[in-house]
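Everything below concerns the one structure shown next.
Where a number appears in this text, it was derived from the coordinates with a stated rule and is not lab data. In this text the structure is predicted, and so the values were computed from the model without any measurement. Backbone-built Cβ (ideal geometry, glycine too); neighbour counts: all protein chains shown.
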Amino acid sequence: MGASGRRLLAVCAAAVGVAVVPLGAWLLAERSPTDLGSPAARTTTEAEERSERTRSADEEWRWESFGGVEVQVPADWAYGTTGTPPCLQASDPARTPDGEDRRARPYVGRPGVVAAIACPEPVADPASRAPYLWFGDSRPAGQRRYDGGWVEETRVVAGVAITVLSDDAAMRERILGSARPIGEADSYGCAPEHPVVADPDARPSSDAGGLPGLGDVASLTVCRYARESARPAPASLLSASRMEGRAAREVVDAMIAAPTGTGPNAPGDCAAEFALGDEVMVVHVEGATGETQEVVVRYSGCHRHGTDDGVTVRQLTASVTRALLTGPHSPSSLHEGVGRLVRTDRSPAEPR
């Protein structure tokens, strides 16, 4: 989205990663294969069955989705922005609470705001170089070799360029080899497309009675989409994650506790065609009895910010934005009003 006529607070994804809840690596407990045909298994939720079918045998890996494909990466990788200049990455001052330098932490990057800065080298120097997975690299498929045994390889899967930099050939092959097109839904339950992408006035079904009608919350799935005018890949899905138990309940409680209406808004800061921004989020909340409720979250433009469960529209709050706009869902730019809700003193990508 261009910044002309709008006052946007540009926030690099790594700088917005102020995780209140770690969204990217939630996995369900493993069940024995013999349970799959049992009556008890047939009473499990659709989300549990999908997770059982698609989860990695190694719990230290997680799925990342973008543009109609999903890829596995180590679960402890952080998040950044595709194309972050290596010299800027090397000067990142972020540190862990005990003072450890965080510059060499591997990460997953998605297209976003990148500083206009030229670097003398295509990758960072070895002392601060970090492995990464990039979605949406503009370079052709193939390998690029660097010093110290580091190799950067790009493959195109279902029209999406996937690039991995690593000095570990086996890890690079495992990541790239795991890439696959998303069918009806990815491993978290997010569809590649959603009606809200094309219809700015779309609202969730109210059949479940909205969020309060669900009772106890068991889990939620977060699906972030590019609006049709800003799609960077063949499909609109930008990222996906899942949250369970207490973490999910706290997010839903924060949504219900928010004031009704929309906000914070500044409609005069955007031209009408940019009022809703480039992105929209759909949260699928599952109750303990298996009933589900969709919630549309608008945060990306200048107007109509809030959550909508099909019954009640509620304003964005710091508790909601900090829980949702983080990790794989870190936006590359926000209007200053929403940006103030997200900002925190916590270091980038540091979980609570």
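Some observations on this one:
- Under the convention that each Lys and Arg Cβ holds +1 and each Asp and Glu Cβ holds -1, the size of the dipole of the range 241-315 around its Cα centre is about 180 debye.
- For the pair Arg180 and Asp168, label points projected 7 Å from Cα toward Cβ lie 2.2 nm apart.
- Rounded, prolate or oblate (a/c below 1.5 giving rounded, otherwise prolate when a/b exceeds b/c) for the range 230-299 by Cα gyration tensor: oblate
- Across all directions, the average flat footprint of the convex hull enclosing the Cα atoms of the range 61-181 is 7.6 nm².
- Here the range 61-181 carries DSSP beta bridges of which approximately 75% are antiparallel, counting only pairs with both residues inside.
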